[in-house]
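Chemist: Let me begin by handing over the structure; questions about it come next.
None of the figures in this text is laboratory data; all of them are computed from the coordinates on show. Owing to the predicted nature of the structure, the values given are computational and were not obtained by experimental measurement. Cβ placement follows ideal geometry from the backbone for every residue including glycine, while neighbour counts extend to all protein chains displayed.
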Amino acid sequence: MRVLIVDDEFNNRMLLQKLLAEHGDCDIVVDGREAVDAFLMAHEDSDPYQLICMDIMMPEMTGNQAVVEIRRKERELGIPTPQEAIIIMTSALDSPKEVMKAYFKSGCTDYLVKPITPDMLAAKLKEYKLI
């Protein structure tokens with residue numbers, strides 16, 4: 001599995017990398033703009049990400065904005081819905097409004113509230129048949 005970790009906080013990036021490294025190759029970027037660029041480069045290299053873990057509150061481009069852009073690029077590339085990247089928002093924001101915004105306005109696949117535990121993440125990976 002190829003994973004993209006997107007978070008502006010160093011500790012969060014390192015935690016996710018530690019939890020996911022045993023399951024695949026992890027790339028790390030620090031904001032939404034870099035996430036979109038990494039997504040496009042992966043497709044140009046014919047080695048797309050199966051999983052993207054995306055923080056919401058980031059400089060340059062928020063996670064929600066990045067997900068909208070990634071989903072738009074997937075449509076432009078002709079990627080069918082079942083083959084889209086699994087995008088899990090990883091955020092400290094846990095209000096129902098933020099969760100609904102991430103799902104219905106942005107198009108994420110799932111949502112995990114920080115702090116993320118190994119069990120929480122493993123359950124999601126199993127749910128989406130990534131492990």
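Chemist: Name, by its number, the condition in (1) under 20 Å from Asp119 (Cβ atoms); (2) out of contact with any Phe, Trp or Tyr (no Cβ under 9 Å at 6 or more places or on another chain) that does not hold for Met1.
Modeler: Answer for Met1: the failing condition is (2).
Chemist: Give me the residue from the range 59-90 that is touching an Asp or Glu at 6+ places or on another chain (Cβ under 6 Å) and buried (at least 19 other Cβ atoms within 10 Å of the Cβ) and, out of that set, nearest to Arg2 (Cα to Cα).
Modeler: This residue is Ile88.
Chemist: From the list Glu22, Glu74, pick out the single residue that is more than 19 Å from Met120 (Cβ to Cβ), part of a helix (DSSP H, G or I), without any contact (Cβ under 8 Å) to a residue 24 or more places away in the chain and not hydrophobic (A, V, I, L, M, F, W, C).
Modeler: On the way: Glu22 fails: more than 19 Å from Met120 (Cβ to Cβ).
Checking each option against the conditions leaves just Glu74.
Chemist: Under 11 Å from the mean Cα position of the chain (by Cα), surrounded by 17 or more Cβ atoms within 10 Å (Cβ to Cβ) and not in a loop (DSSP other than H, G, I, E, B): is that true of Ile56 in this structure?
Modeler: Working: under 11 Å from the mean Cα position of the chain (by Cα): yes; surrounded by 17 or more Cβ atoms within 10 Å (Cβ to Cβ): yes; not in a loop (DSSP other than H, G, I, E, B): no.
Against the criterion (under 11 Å from the mean Cα position of the chain (by Cα), surrounded by 17 or more Cβ atoms within 10 Å (Cβ to Cβ) and not in a loop (DSSP other than H, G, I, E, B)), Ile56 does not qualify.
Chemist: A follow-up question, please. With the requirement that a residue be farther than 21 Å from Asn64 by Cα, aliphatic (A, V, I, L, M) and surrounded by fewer than 19 Cβ atoms within 10 Å (Cβ to Cβ), what does the range 5-32 give you?
Modeler: Those that are farther than 21 Å from Asn64 by Cα, aliphatic (A, V, I, L, M) and surrounded by fewer than 19 Cβ atoms within 10 Å (Cβ to Cβ): Met14, Ala21.
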